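So the structure is just underneath, and the comments pick up after that.
The values are calculated or read from the model by the stated rules, or taken from the named source; none is laboratory data. All values reported here derive from a predicted model rather than from experimental measurement. We place every Cβ from the backbone using ideal geometry, glycine too, and count neighbours over all the protein chains shown. Just so you know, the surface numbers come from the protein's heavy atoms only, side chains and all, with ligands and any DNA or RNA stripped out. Shrake-Rupley method; radii C 1.70, N 1.55, O 1.52, S 1.80 Å.
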Amino acid sequence: MFTLRAMRITFALVLSSLCISAQAQQPAVKTESASTGAITGKVIDESGQPLANATVYARPASNTPSGYHPVLTNREGAFEINGLNQGNYNVTATMSGYTTPMREPGARTPPTHRVGDSVTITLMKGGVVTGTVTNANGEPVVLVNVRAQMIRDPSGRRVTNGPNRERTTDDRGVYRIYGLYPGTYVLLAGGQTQSTHLFGNPFESDVPTYASSATRDTAQEITVRNGEELTGVDIRYRGEQGRVISGEVKRAAGPNTGINLQLTIAGDAGVPWSDSSYQQPGERSFAFYGIADGDYRLYAQTHSPTGEILLSEAKQIRVKGADISGVELTMRPLASMAGRVVLQEMNAPECKEKPRPSFDDTFIGAWHRVTEKAKETPQALWSLGAPVRPDAEGNFVVKNLVAGEYHLVPRFSARYWYVHSISLTPPATAGAKTAGKPVDATRVWTNVKPGDKLSGLTITLAQGAGLLRGRIVLGEGEQVPEKLFVYLAPVEREKAEDVWRYYAVLVSPEGQIVLNHIAPGRYWIVARTAEDDEAAPPTKLRWPHETEMRARIRREAEAAKTEIEFKPCQNISGFQLPLKPQDQ
């Protein structure tokens, strides 16, 4: 009996092992129905080689994703995600030791995918940093947490809330952090950490020590490249006692849910630093340990079951030689902007039977204005108001907006449609029978205050857009300059103040030009090399206050004397634009 039972157990374990192995090599399969389908594709590295056992996720492309569908790639890097309902999905992949390419500032939101699409995802081998942590006597510091914190992206731009990874040292005091994005980092050991909260952290009361044995102000900076391993980045641990910031969180309204607290360094100078803490439902008091002297911002936030966010003000705190206690944070609902997307068709024969925009594939985002006052708000808070899709009737509500100035940016894929106008109708004032006169919301920033429920927005998408495909004509031996953009500016003077009649697109390294959603009409076209600016020209060109930039582009384009005209729903291919010396 014992032998037979042992054989059965052994067989079951072998069968289980085979099933696990098969799952690691084959994409997951779900039962199909008439209303569901699949997204297929492949995951490759930067050299085009397939990546086996990468995890691929399909998440519904909505403001509050309701779920995700993870599968593993097979030996050929292929995947198939079955059982997906009709709709739009964000498809991403992860793999230990690999990263996804970082997005450029001002870059468009990554495209979404629909059932039936085939997707290719590229992952890059991440960088590695390794070294030792020792005390003043040269002895290893065991189980201390070491964080690699990005402070500048690969282009050298400062990032205040960049990617970071943490690992603890082993019994030799050795740490190894892998899967890092390319960029500039600082390494710090000790202090309060997220990864060890559940197990206790004997170093959480210490001020973090930066490589090689520095404070935050004198931290050593290291450059990490894709697939490169940096060794010998050692840290001599200082073991200095830090301060404590403590207090209480209150909420003005809402359910009793868990609360996230975020503490960040104030100001844009020096090395960025941040720490976070989580309060379980019902908890009100909080404490941050291991805090060095300096100026900080502290805020708290929580989610309601409906997806709305409650947020406290970002409180300014100065730590100097003593603990800070009695800090009070009160969370309140954020603002929202509501409106409707309207479709305006035209009777031109060229546009007949052209596909209409699908609200399923349309996203409305609210972009904030970057001012000195706006910089006082931690950067992460501006991303809380994620883009949303209109409902079947075109109605939309962009929720969770921090107080500030905004303009709306619609994104859609219907090729033969363009943004005609964006207007805001103010509500009727006391004693008035009708609402106020509509305001052109593309020419002024829309101001929202805490808790505002703004409505009356109308986004009109019109039929008749054109498409431009062409290339830059170079002289013998010339190459396409970096950051070369092609601009369109309206010829008609009555359109000179129309923000959405200005267009910009980055020229590819091969000199290719592809520009779509162009309103019918006559345009001046010119190529110019962009300055090293934080915002990409296609984004900056649409900012309401950038009237001088649009006027300058129009003057330069008119002086170049190259005109192009788009008839309704016209595709222009093979266009050639000579690159003039002043364009570079």
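Under the simplified labelling scheme, the R318-R411 pair shows an inter-label distance of 4.2 nm, with each label point 7 Å from Cα along Cα→Cβ.
Calculated on C-alpha atoms, the gyration radius of region 298-357 divided by its Kirkwood radius gives an Rg/Rh of 1.44. In a reduced charge model with +1 at each Lys and Arg Cβ and -1 at each Asp and Glu Cβ, the chain shows a dipole moment near 1120 debye about its Cα centre.
Our helix-only sum for the chain, with -39,500 (n - 2.57) per DSSP H run of n ≥ 4 divided by its residues, gives a mean residue ellipticity at 222 nm of -2500 deg cm²/dmol. In this structure the amide hydrogen of A465, modeled in the peptide plane, comes within under 5 Å of the amide hydrogens of W417, Y418, C569, none closer than 5 places in sequence on its chain. Aspartates and glutamates within cross-link reach of K315: Cα-Cα under 13 Å, excluding same-chain residues under 8 positions apart? Once the sequence-local aspartates and glutamates are set aside, what remains near K315 is E248, D295, E328, E376.
Ligands, DNA and RNA left out, the accessible area of region 329-465 computed with a 1.4 Å probe is 51% carbon and sulfur.
Full extension of the chain between A348 and T94 yields a length gain of 86.7 nm, computed as 0.36 nm times the residue separation minus the alpha carbon distance.
Using the Cβ of A465 as centre and a radius below 10 Å, the other residues enclosed give a net charge of +2, where K and R count +1 and D and E count -1. Over the chain, what relative contact order in percent results from Cα pairs under 8 Å that are six or more residues apart? Reported as a whole number, the value is 9 percent. Were the residues from V327 through V514 laid out at 0.36 nm apart, the gain over their Cα-Cα distance would be 62.0 nm. Modelled spin-label separation between T55 and L143, with each label point placed 7 Å from Cα along the Cα-to-Cβ direction: 2.6 nm. Under the combined filter of DSSP loop state and at most 15 neighbouring Cβ atoms within 10 Å, region 502-553 retains these GluC sites (Glu not before Pro): E510, E531, E534. Listed by chain and number, the aspartates and glutamates whose C-alpha is less than 17 Å from the C-alpha of K399, apart from same-chain residues fewer than 8 away, are E308, D391, D452. A simple spin-label model places pseudo-atoms 7 Å from Cα toward Cβ; at R340 and T40 they are separated by 4.2 nm. Average accessible surface for the chain: 51 Å² per residue, computed with a 1.4 Å probe over protein heavy atoms with every protein chain in place.
Sorted largest first, the spans of the alpha carbon positions of the chain along the three principal axes are 79, 67, 60 Å. Given their separation in residues at 0.36 nm each and the Cα-Cα distance between them, V174 and D452 gain 94.9 nm when the chain is fully extended. Projecting the Cα atoms of F203, Y178, G156 onto the charge dipole of region 154-236 (Cβ charges, centred on the Cα centre) puts G156 farthest toward the positive pole. Shown for region 196-287: the carbon plus sulfur share of the solvent-accessible area, taken with all protein chains present and a 1.4 angstrom probe, equals 45%. Listed by chain and number, the aspartates and glutamates whose alpha-carbon sits under 16 Å from that of K483, ignoring those within fewer than 8 places in the same chain, are E104, E510, E531, D532, D533, E534, D583. Considering only H368, T425, G77, and ranking their Cα positions along the charge dipole of the chain that arises from unit charges at the beta-carbon of Lys, Arg, Asp and Glu, the one farthest toward the positive end is T425.
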